[in-house]
Amino acid sequence: MKVSGALTTGFLIAGIAVVGWVWMDRMRASRMSSVTAVQGRGAGLLRPDDAALVALGEKVYARACANCHGANLEGQAGWRNRRGLAPAHDESGHTWHHPDYLLVQFVRDGTVRIGGTMPAFGGTLSERDILAVLSFIKSRWPARIREAHDSINARAGGRG
Ligand code: HEC
């Protein structure tokens, strides 16, 4: 009698421990996913996985950007060695070094006002067009560059 009573108590304690452990693990998991959800929101304005937006961006790019930045995002020949030439938008360029909000500003305001040669598109492209063309550009980067750019956005304080 005594032995089986001790056994029952033992099983009970073990059962409570397992339930408690599973419960704590669940709590931890749900806290983690809410953190990543917040980071996800701060991680940027561009949506390189949105197929419709990327398709629109590809059209905008061909029409408005390719003549300078190259049909394959390769930049103007010799852009590395001479100022004023349009740089590459692929992984070899420095577009991905900038957080989303700066890229949007770049396209909207251009650099003519600050002495560069990149035209401003704020008057001819809608905000959706601008987000689309930059999302298209990001969709062409390899996964490791996209991840690096996500981190740059996160460091920019969620301003995207
Ligand atoms: C007339 C040529 C020209 C056209 C057209 C043009 N760009 Fe540019 N772009 C430039 C130049 C040149 C620079 C480098 C900055 C400078 O020298 O002023 C630049 C820089 C940029 C940058 C910053 C890149 C970096 O590495 O910092 C982005 C982003 C950009 N362009 C996006 C676009 C997009 C998107 C389009 C199309 C909507 C476009 N550009 C059309 C010439 C052009």
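Can you spot a residue in the range 107-119 that is in a helix (DSSP H, G or I), near the ligand (Cβ under 8 Å from one of its atoms) and surrounded by 12 or more Cβ atoms within 10 Å (Cβ to Cβ)? The answer is yes, given that some residue of the range 107-119 is in a helix (DSSP H, G or I), near the ligand (Cβ under 8 Å from one of its atoms) and surrounded by 12 or more Cβ atoms within 10 Å (Cβ to Cβ).
Selection of the range 120-135 for residues being within 14 Å of Ala64 (Cα to Cα) and part of a helix (DSSP H, G or I) yields Asp129, Ile130, Leu131, Ala132, Val133, Leu134. Residue count for the range 119-160 under the criterion of being among the polar types (S, T, N, Q) and in contact (Cβ under 8 Å) with a residue 60 or more places away in the chain: the result is 4.
Quick grid of which residues meet (1) more than 9 Å from the ligand (Cβ to nearest atom); (2) in a helix (DSSP H, G or I); (3) modelled with pLDDT of 95 or more; (4) crowded, with 17+ Cβ neighbours inside 10 Å:
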| site | (1), (2), (3), (4) |
| --- | --- |
| Ser30 | yes, yes, no, no |
| Thr36 | yes, yes, no, no |
| Arg41 | yes, yes, no, no |
| Ala52 | yes, yes, yes, no |
| Gly57 | no, yes, yes, yes |
| Cys68 | no, yes, yes, no |
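Of all residues in the range 81-99, those that are touching a residue at least 24 places away in the same chain (Cβ under 8 Å) have Cβ atoms under 8 Å from Cβ atoms of residues that are acidic (Asp, Glu), 6 or more apart or on another chain, in Asp90/Glu74. All of (1) part of a helix (DSSP H, G or I); (2) in contact with a Pro (Cβ under 9 Å, 6 or more places away or on another chain); (3) not hydroxyl-bearing (Ser, Thr, Tyr) hold for Glu91 with one exception: (1).
The values are calculated or read from the model by the stated rules, or taken from the named source; none is laboratory data. As the structure is a computational prediction, the values presented were derived from the model and not from experiment. Please note: Cβ atoms are built from the backbone with ideal geometry, for glycine as well, and neighbour counts cover all protein chains shown.
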